[in-house]
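So the structure is just underneath, and the comments pick up after that.
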Amino acid sequence: MSFAYTDVSMKEFQELQKNFPGDAKGKMSLVIPALWLSQRQNGWINGDVVEYVAGLTGTEPLHVWGVATFYSMFNKEPVGKTLLQFCTNISCGLLGGNELIQHACSRLGIEKGGTTQDKKFTIFEVECLGACGTAPVVQVNDTYHENMTMEKLDSLIDQMSS
Amino acid sequence: MPEKRIILDKIEDKHSPNIDFYRGNGGYEALKKALTQMSPSQILDEMKASNLRGRGGAGFPVGVKWSFINRTFPGPKYLICNADEGEPGTFKDREILQKKPHIMIEGMIIGAYVMGLDAGYIYIRGEFYEPIQAVDKAIREAYDAGILGKDIMGSGFSFDLYTYRGAGAYICGEESSLINSLEGKRGLPRLRPPFPAQVGLYGRPSTVNNVESFSAVPSIINNGGKWYAGLGTPKSGGTKLFSISGHVNRPGVYEIPMGTPWTELFNDMAGGVKDGKKLKAVIPGGSSTPVLRPEELDGMTMDYESVQSKGSMLGSGAVIVLDETTDMVKLLYRILHFYAHESCGQCTPCREGCDWYYDIISRIRHGKGRLEDLDLFERLAKNIGPNTICAFGDAFTTPALSFTRKFRDEFVEYIKNGNK
């Protein structure tokens, strides 16, 4: 199954091209933005995406794989509709981040890194999200949920389950 | 000394991210002054006089860094804003990005004018999706107002500015790996020399500064370098944003003059240890700085020299408070897990060393440690930090050594009696 941008993604990619020099070096800068657009469209980065992005940016697939696997936010396998990312680094860990992730795992019946069978949820344990003043923090897809509590987590999962 | 809000002035207002609100409160006046009344070399003199030191963690004087660029060097030159805020404990830049992006943009345009730079990129960590939206909106507003783009404010000076979204890598906060990431590559630090001022983005002269550093620039232009320097101590000028978190009653970002006593930040502003518990330790400048015991905090003031005189570092101003219930073994285990996860893998001593450190702390934490393990930390450290391209090696050996030296009893207890 091959991958290609939708018209919406392609239009955004073309807009992004204007941010960089037109030569080969400038085109390589587009690898990361192009992977972001791909992930938004496809949910994760697979071999087809890599080939496509390499074609768009005039780079080798091997280079794109290297980039995709270097950065933790590019999903190398499919994730659920709601991606729950729990910070358990210093301040979040001190203030209940570990208990929150354990609670979410047992409630959804999956391990850290796992996805529910209905593909609704994936749970990741992540490193510092840079919001330690409102710890513990859970990132739900693109949005930070700060000063998280068990009650808030439960109602969040309820809301996302329906 | 109370909080002194210069960068954070009026940040609590919900309109604070908007250009109209910013301009209504004196925003972009510094840029106008810089472009119409001052030459680049005059601005550089003010920047040097301000004693502003880089707010990303290393504390290198900003005026000196700006003077490294040869502004008449032909061809494109770049300005980069480091918004890859990732040092555990640091969350000050997010505040600016989300709530007052124009102050950073104003500082960047002034910097570009001084150094004769053509275009700028704000490299924002990938997790900061909402801050990126806020900065993108601010950039659009600035273009619409003739503050970015061609012939800014009719001055003849032109500058373009873009955001770039990172994708999850702590190491990209290091300026040369940030540049590699911005070039669409893996974020591996570069050997220096050559420094970015000679060979930076796309091999061109470039300057990288932190979000907070740029945000301090407008007030220096408005009030003069001497005024800014006078706010702080003789060697650390101005105000600084401190992120205080952990076991503390009022965590948050506080802007205070350099040299403010620790007790004022900790007790008066942050409200002391959470729930009336006793203080066990403080990490004063982010996860990679040496931990301090309560008695070491006596007489400490919040500036580069004072924190250094106590044997630690001010770093990015990320203060993490640990109360008496904190298990130092488990905490170090978590910290070393972080570093083992984040090493870029380029230099063997770091790549192997951080896994080795994590193995050691894992066996101690799980009750399988040996007394020799504590010496092993010491011995390995000598062969890691000095043999790597960037400071990441020191960043993980430093907390390991300071934790095990200062709280040795707790580690020995785990080694002798296991995890209870």
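B:E413 fulfils the conditions (1) of a type outside the set (V, I, T); (2) in contact with a helix residue (DSSP H, G or I) (Cβ under 7 Å, 6 or more places away or on another chain); (3) in a helix (DSSP H, G or I) except for a single criterion, (2).
Quick one: count up the residues across the stretch B:72-104 that are of a type in the set (F, W, Y) and more than 19 Å from the chain's Cα centre (by Cα). Residues in the stretch B:72-104 being of a type in the set (F, W, Y) and more than 19 Å from the chain's Cα centre (by Cα): 2 in total.
Would you mind finding the one in B:R94, B:R55 that is part of a loop (DSSP other than H, G, I, E, B), open to solvent by less than 30 Å² (accessible area, probe 1.4 Å) and within 22 Å of B:Y170 (Cα to Cα)? Checking each option against the conditions leaves just B:R55. Screening B:G57, B:G116, B:G107 for residues that are under 18 Å from the mean Cα position of the chain (by Cα), modelled with pLDDT of 95 or more and away from chain A (no Cβ under 11 Å) leaves exactly one candidate, B:G107.
When B:E183 is tested against (1) free of Cβ contacts under 8 Å to residues at least 12 places away in the same chain; (2) over 20 Å from the mean Cα position of the chain (by Cα), exactly one condition is not met: (1).
Scanning the stretch A:20-51 for residues that are crowded, with 20+ Cβ neighbours inside 10 Å, more than 9 Å from every other protein chain (Cβ to nearest Cβ) and in a helix (DSSP H, G or I) yields a count of 4. Of all the numbered requirements in (1) in the same structural domain as B:V217 (by TED's automatic domain parsing); (2) out of contact with any His (no Cβ under 8 Å at 6 or more places or on another chain), B:G27 misses one, and that requirement is (2).
Condition check: closer than 28 Å to A:C87 by Cα, out of contact with any Ser or Thr (no Cβ under 6 Å at 6 or more places or on another chain), more than 8 Å from chain B (Cβ to nearest Cβ) and at pLDDT 95 or above. Does A:S9 satisfy that? Judged against the criteria, A:S9 is not a match. Selection within the stretch A:105-134: residues that are of a type in the set (V, I, T) and within 14 Å of chain B (Cβ to nearest Cβ). The member of this set that is surrounded by the most Cβ atoms within 10 Å (Cβ to Cβ) is A:V126.
The values are calculated or read from the model by the stated rules, or taken from the named source; none is laboratory data. Model, not experiment: these values are computed from the prediction. Backbone-built Cβ (ideal geometry, glycine too); neighbour counts: all protein chains shown. Heads up: the accessible areas ignore ligands, DNA and RNA and are worked out on the full protein's heavy atoms, side chains in. Shrake-Rupley method; radii C 1.70, N 1.55, O 1.52, S 1.80 Å.
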